[in-house]
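One structure below.
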Amino acid sequence: MAVPEYVLRLRERIGHDLLVLPGVCAVIVRDGEHEREVLLVRRSDDGQWTPVTGIADPGEDVDTAAVREALEETGVRIEIDRVTWLETLEPQVYANGDRCQFFDTCLLAHPVGGEAHVGDEESIDVRWFPVPAMPPMRARFRRKVAHALSGDTRVRIGADGR
């Protein structure tokens, strides 16, 4: 996965110590021919399907980060509808020993232009899936997509979505 330049500079100073970073997750939904569809990316690092995810740059709001990440990763321009979930994820340790923990903001969005395609090295596939035919995803992504699609306008907070 592409590591932002500012994270690389921090790593030069702090090594593998834990970094807490602002993460974004965009659940992008459109009305398909017969039913709603969700835009998913297949990650190049582990082959998993996920909504569009990324890291906000310094000084960048989460909505701006989600719009940027969607365009970079998928070629699709989006508009944000609302925040759906806030969650501090479990710390992760990467193969090189780097440790990160993400404060993740999940947003519901809809497309306003562009055609879905693999836009960078972070993905190996990008597709619109009818909601009933989505591929398997990690539990946290299934929960976030399900909540975003549910019509429930409450912002969920934490892993259990209180």
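The values are calculated or read from the model by the stated rules, or taken from the named source; none is laboratory data. Computed from a predicted model, the values in this text were never measured in an experiment. Neighbour counts are summed over all protein chains in view; Cβ atoms, including those assigned to glycine, are modelled from backbone coordinates with ideal geometry.
Total residues in segment 95-120 satisfying the condition of being in contact with a His (Cβ under 9 Å, 6 or more places away or on another chain) and more than 18 Å from Ala148 (Cα to Cα): the figure is 4. Here Arg156 passes the criteria (1) in contact with a Phe, Trp or Tyr (Cβ under 7 Å, 6 or more places away or on another chain); (2) closer than 20 Å to Gly23 by Cβ; (3) at pLDDT 95 or above; (4) not hydroxyl-bearing (Ser, Thr, Tyr) except the one numbered (3).
Checking Ala65, Ala26 one by one, the residue that is of a type outside the set (D, E, K, R), surrounded by 16 or more Cβ atoms within 10 Å (Cβ to Cβ) and not in a helix (DSSP H, G or I) is Ala26 and no other. Scanning segment 33-51 for residues that are of a type outside the set (D, E, K, R) and either on the phi > 0 side of the Ramachandran plot or not in a strand (DSSP E or B) (or both) returns His34, Ser44, Gly47, Gln48, Pro51.
Among the residues making up segment 1-23, those that are in a loop (DSSP other than H, G, I, E, B) and either farther than 26 Å from Ala139 by Cα or charged (D, E, K, R) (or both) are Pro4, Gly15, His16, Asp17.
The residues listed here are Gly97, Gly54; of these, the one that is closer than 21 Å to Leu10 by Cα, assigned to a strand (DSSP E or B) and out of contact with any Leu (no Cβ under 8 Å at 6 or more places or on another chain) is Gly54. Restricting attention to segment 24-75, report how many residues are more than 17 Å from Cys106 (Cα to Cα) and aromatic (Phe, Trp, Tyr). Here the count works out to 0.
Mind checking which residues of segment 102-143 are among the β-branched types (Val, Ile, Thr), part of a strand (DSSP E or B) and over 13 Å from Arg42 (Cβ atoms)? Across segment 102-143, the qualifying residues are Thr105, Val112. Number of residues in segment 20-40 that are touching a residue at least 12 places away in the same chain (Cβ under 8 Å) and either touching a Phe, Trp or Tyr at 6+ places or on another chain (Cβ under 7 Å) or farther than 22 Å from Leu89 by Cα (or both) equals 14.
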